[in-house]
Every structure is written in structure tokens, then in C-alpha cells.
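Presented below is the structure to which this report refers.
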Amino acid sequence: MPVTIGGSGPITGVTSINTSVSDTELGYLDGVTSALQTQINAKADTSSLGLSFITSASLSGASVSINNCFSSLYANYLLLMDFTLSGTAYVYYRMRASGSDDTSTNYIRQELDIGSTTVTAARGSSATNGFLSYGGAYRSAVRSTIYNPQLALATVTQSDTVYSPTSPSMIYEYGFHNVNTAYDGITLYPGSSQTFSAGTVRIYGLRNS
Amino acid sequence: MENVIEVWADTGEVVERPFTPEELAQREKDAADYAAALAAAEQAAAEREAQRAALLERLGLTADEFAVLVGGIA
């Protein structure tokens, strides 16, 4: 039933203004400070963004495994990790499927290490793990692109690390996991019996198109 | 402190647990492999340095002089 109200002030004793808007729905207007449609139109369309956050994990202990982070939703992934170790060590990775690490001798890598004017390189093959990064008892950070982990193809990794804040250095670890198997996860761990003291790893999916 | 952190991206579950016997055996093997590779790399580097020093002595150059000669920084 239409209600006519004169003057100003709170409306009381009215259960609805018309037949299609309820009191509860009217309550949703609480806090609105400007035109709703204008706000909706201005909101970014996140469905077209190229990068989608998948998961993150705090780093501690000797090993961090992330399950079900790779799926058919994305072909390629971005891994960002900043970390501190208990002591100087490489950080390795192993591809993971259904909760188990792949320790077969199918990891190969090429390394480029640059500190001041010294450049060294190394290559490894038939390894049971891949090289992701390098660090120590100081803050380091690595950005790694992981290609096609979830497809039955060789997984490719490109990892760039900056380490040692007192004498900044960088290390590039590019590698293959040369086995045509699909993986849904990854394990990260420092070598040389070191552990993660602090840090965070974040994994993002890169849109295919 | 627990040794392993396991995270499930799809559910957000986080578990801290000790190594399984299989994981522990793999970790010990990793450590042994790393120690062997490190020893081999250090031996190779020492041999290369010895060859370099012998060559410089034969040429009658110091390391600094050689660096200047090839355009590098000592």
C-alpha cells in the first residue's frame, strides 16, 4: 500500500515502500555516499587481468611444499619469493604430483652468477633437483617464471635472484625438468642443511589469452 | 620446530610435520650428493688456479699485471 509521508526524519512503522523493495533491501543502502551505478561502472573489470593470485605460503623450516597450485586454468606461472636462510645455500625445487616430489634424475640447469665485476657460470645435468635461487642469513628475492608445469611436457624455469645486500649480486638459474609428466605442485628447500628463517612465497597464474 | 610445511593451494590448509622416513632418506642423499659435488668443484678450481699461477710464473707476470694486460680488473 503506498504511503505518503510529509516532513523529514526517519521513516518508522513502514514495512515496505512498494511491492518489490523490502525493508532488508532498503537497509543495504546504509553507508552509500554517491550514485551506485556510477560506482559500478567505475569498478575495474578484473576478469580481463593478466595475473591471478593463486596462493602464498610463509617460509620456515627445512622444506615447503605447495600442492594443487598448478592446474589447467593456466599454462604458465609466476613465483615470487623473498626469503632469509639460516646460512648460505642454494634454494632448490622439485616438481610435485599428488603429494609426492619427483626425485628422478631429469633436472638440468644453466647458471650465471654476477657479483661486482666477476661473472661465473655453471651447468648441471641429470640432477635430482632443480636450482631456483641462492641466499643466506640476509634478505634475498627471486622471480621465477614456470612454463607448463601442469602439462605432460618438459617444465621450463627462468629464475632471477638478487642476494647479499652488503655486496649486491645476482644469479640467474634457467633450467628444464626434462620429463613429459604433468605436475600440480612444487617443493622448495634450501640445500647445505640450511633452513628458511623467514619469508613468503607467492604463486600467480598467467592468463593464456 | 617442525621440518616440513605443506600447503594446499585449493583449500588453504597448512600442515607442519616432520619428515617422513622416505623424505629424510632423500634429504640425507641430497646432502651427500651436494658435499661430493662441492668437493669436486673445489678440486677443479684449485687445479685451475695452480695452472694459472704456473703459467703466470712462466710468463714472468703478476696477477695484477696479467689483469691489466687482458683489460680486466684485478
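The values are calculated or read from the model by the stated rules, or taken from the named source; none is laboratory data. These numbers were taken from a predicted model, which means no experiment stands behind them. With ideal geometry, Cβ positions are generated from the backbone for all residues, glycine too; neighbour counts draw on all protein chains shown. The accessibility values were calculated without ligands, DNA or RNA, using every heavy atom of the protein model including side chains. Shrake-Rupley method; radii C 1.70, N 1.55, O 1.52, S 1.80 Å.
Before moving on, here are some points about what is shown:
- Test for residue A:179: is it more than 14 Å from chain B (Cβ to nearest Cβ), in contact with a strand residue (DSSP E or B) (Cβ under 6 Å, 6 or more places away or on another chain) and surrounded by 15 or more Cβ atoms within 10 Å (Cβ to Cβ): no
- Strands (runs of 3 or more DSSP E) contained in region A:94-192 and holding at least 3 residues within 23 Å of residue A:76 (Cβ to Cβ): A:107-115, A:130-135, A:140-147, A:155-163, A:169-177, A:185-190
- Of the criteria (1) more than 9 Å from chain A (Cβ to nearest Cβ); (2) of a type outside the set (D, E, K, R); (3) open to solvent by 80 Å² or more (accessible area, probe 1.4 Å), which one residue B:36 fails: (3)
- Number of positions in region A:112-132 that are open to solvent by less than 40 Å² (accessible area, probe 1.4 Å) and either within 12 Å of chain B (Cβ to nearest Cβ) or touching a His at 6+ places or on another chain (Cβ under 9 Å) (or both): 7
- The set of residues from region A:92-108 being open to solvent by 30 Å² or more (accessible area, probe 1.4 Å), away from chain B (no Cβ under 12 Å) and closer than 12 Å to residue A:128 by Cβ comprises A:106, A:108.
- From the options A:56, A:71, residue that is assigned to a strand (DSSP E or B), open to solvent by 30 Å² or more (accessible area, probe 1.4 Å) and in contact (Cβ under 8 Å) with a residue 24 or more places away in the chain: A:56
- Among the candidates B:43, B:26, the residue that is in a helix (DSSP H, G or I) and facing chain A (nearest Cβ under 10 Å) is uniquely B:26.
- Among residues of region B:8-20 that are more than 7 Å from every other protein chain (Cβ to nearest Cβ) and part of a loop (DSSP other than H, G, I, E, B), those with a beta-carbon under 7 Å from a residue that is open to solvent by less than 60 Å² (accessible area, probe 1.4 Å) and among the hydrophobic types (A, V, I, L, M, F, W, C) at least six positions away or on a different chain give the pairs B:18/B:4; B:19/B:4.
- Residue count, region A:74-91 (criterion: surrounded by fewer than 20 Cβ atoms within 10 Å (Cβ to Cβ) and under 19 Å from residue B:19 (Cα atoms)): 1
- Residue pairs meeting the criteria (Cβ under 9 Å; at least 6 apart or on separate chains; first on the phi < 0 side of the Ramachandran plot and modelled with pLDDT of 90 or more, in region B:46-74; second in a helix (DSSP H, G or I) and open to solvent by 100 Å² or more (accessible area, probe 1.4 Å)): B:61/B:69
- Residue in region A:57-73 that is away from chain B (no Cβ under 14 Å) and among the aliphatic types (A, V, I, L, M) present: no
- Region A:133-154, residues that are away from chain B (no Cβ under 14 Å), closer than 23 Å to residue A:170 by Cα and out of contact with any Gly (no Cβ under 7 Å at 6 or more places or on another chain): A:133, A:135, A:138, A:139, A:140, A:141, A:142, A:143, A:144, A:145, A:147
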